[in-house]
Amino acid sequence: MSDHELPTTTVAVGIALLTIFAGPAFAASMGSLSATPATPGETAQHAATATIGTEATGSWTGFAVDYSDADADVSDVNATDDLVAVGIDRGDDAGGTTVDVNVSDDVSSVSTSNNGETLTVDFGGSYSLNESDEVVVVYDGVVNPSAGEYTVPLDVNPQSSGGETNATLTVGERTATDTATETTTGTESMDTETETEPMDTETEAMTDTAVDGDDSDATETMAGGDGTTTGGSGPGFTALAAVVALVAAAALATRRD
């Protein structure tokens, strides 16, 4: 071996040490993707996030979501108006889709491809991404696939390599609780309507009966009630008394003569 040649073991150790001190290169990671609502076949709002690794730092020039394996439809997501939020969470220290930097003013285009299964948002590159930053893209108009869990690739700066990561999209069936609630609500509404109508009819019938009863009582009173009282105060009794008085007067006059 020449004095100028380094042992193979020494070279290997040197490379390993360089790797340790320099640190490994990471692409984007911790991708997430959620749908609201997460009902199969519904048009929903999707929120995609990805944490930046060392290989994805630099100017933010694009973001892509590939629904090929999920069979979701993003054909109607084709304008900047469909973007609800686009930004950067510096240091990935905020929850949900909260951002520190709004980059919606740097969006240059929104397009779909692959028969409406891939969404791409292009940026002007005015904002820089640092390691551990989280990018957030929220958009409307996605038609959810059938129920299931799907692996969906996300790509930060798809024009270059290093920004790829995966996210899991979960789309669920309508729950038994939701179905039971809707059924119960509908049944209660029908029962209420059904019960209300007979109650109204019964009330009207009771009112009519009460009125008829009052009329009956009034008629009976006018007709005489027990017969004696009414008969004593009616016009027939007055005429009879007058006739009896006249007969009595005539008999008295005859006796005097």
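This table checks each residue for (1) touching a Pro at 6+ places or on another chain (Cβ under 6 Å); (2) touching a residue at least 24 places away in the same chain (Cβ under 8 Å); (3) not assigned by TED's automatic domain parsing to the domain that holds Ala48; (4) not in a loop (DSSP other than H, G, I, E, B).
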position: Val77; (1), (2), (3), (4): no, yes, no, no
position: Gly125; (1), (2), (3), (4): no, yes, no, no
position: Ser132; (1), (2), (3), (4): no, yes, no, no
position: Tyr139; (1), (2), (3), (4): no, yes, no, yes
position: Glu149; (1), (2), (3), (4): no, no, no, yes
position: Val152; (1), (2), (3), (4): no, yes, no, yes
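I need a count of the residues in segment 46-75 that are assigned to a loop (DSSP other than H, G, I, E, B) and over 22 Å from Glu149 (Cα atoms). Reasoning before the result, please.
First, the residues of segment 46-75 that are assigned to a loop (DSSP other than H, G, I, E, B): 52-53, 57, 60-61, 67-72, 74-75.
Next, from what is left, pick out any that are over 22 Å from Glu149 (Cα atoms): 52-53, 57, 60-61.
Residues flagged as assigned to a loop (DSSP other than H, G, I, E, B) and over 22 Å from Glu149 (Cα atoms) within segment 46-75 amount to 5.
Please identify the pairs in which a residue from segment 83-103 that is modelled with pLDDT of 95 or more has its Cβ atom under 8 Å from the Cβ atom of a residue that is part of a helix (DSSP H, G or I) and of a type outside the set (S, T, N, Q), counting only partners at least 6 apart or on another chain.
What qualifies is Asp100/Arg90; Val101/Arg90.
Among the listed residues Met1, Met30, identify the single one that is modelled with pLDDT under 90 and in a strand (DSSP E or B).
On the way: Met1 fails: in a strand (DSSP E or B).
The unique qualifying residue is Met30.
The values are calculated or read from the model by the stated rules, or taken from the named source; none is laboratory data. Just so we're clear, the structure is a prediction, and the values are computed from it rather than from any experiment. Note: ideal-geometry Cβ built from the backbone for every residue, glycine included; neighbour counts use all protein chains shown.
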